[in-house]
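Data block below; observations after.
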Amino acid sequence: MIDIKTCVTFGRVGDETLIVNSDTGKVLKLDSQGTAIWELYYRGYSVEHIISQFSNKFPNQTELIRSDIINFFEMLQTEKIL
């Protein structure tokens, strides 16, 4: 389930995504990897599915990928994006 807050807008600039929370005034800039994760989530994919997608591409780094993606979503919650 997508739970992006209604006060959040976002747009893509090249390979990067800018996410703006109008309630807090914070702007997040995602690099190409963050953008790929964000786009999968926005399309409705679960965090576990996203982890699986990246792990399939880099099978020797599954634990690092899991940790990084979970940290990414925790950061989005901390920044009141989700």
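How much of the accessible area of the chain, probe 1.4 Å, is carbon plus sulfur, in whole percent?
51 percent
What does the charge add up to near residue 60, with Lys and Arg as +1, Asp and Glu as -1, over the other residues with Cβ less than 15 Å from its Cβ?
Net charge in that neighbourhood comes out at 0.
Is it possible to state the helix-based mean residue ellipticity at 222 nm for the chain, with each DSSP H run of 4+ residues giving -39500 (n - 2.57), the sum divided by total residues, to the nearest 500 deg cm²/dmol? What is it?
Helix contribution divided over all residues of the chain: -15000 deg cm²/dmol.
Once the other residues with Cβ under 13 Å from the Cβ of residue 36 are scored (Lys, Arg +1; Asp, Glu -1), what is the net sum? Provide the component values of the computation, followed by the final result.
Numbers: positive: 12, 43, 57; negative: 15, 16, 31, 39, 68.
Result for the local shell: -2.
Could you tally the net charge around residue 73, taking each other residue with its Cβ under 12 Å from the Cβ of residue 73, Lys/Arg +1 and Asp/Glu -1?
So the environment of residue 73 carries a net charge of -4.
The values are calculated or read from the model by the stated rules, or taken from the named source; none is laboratory data. Just so we're clear, the structure is a prediction, and the values are computed from it rather than from any experiment. For neighbour counting, all protein chains shown are included, and Cβ atoms are generated from backbone atoms with ideal geometry for every residue, glycine included. Please note that ligands, DNA and RNA were not included when accessible areas were found on the heavy atoms of the full protein model with its side chains. Shrake-Rupley method; radii C 1.70, N 1.55, O 1.52, S 1.80 Å.
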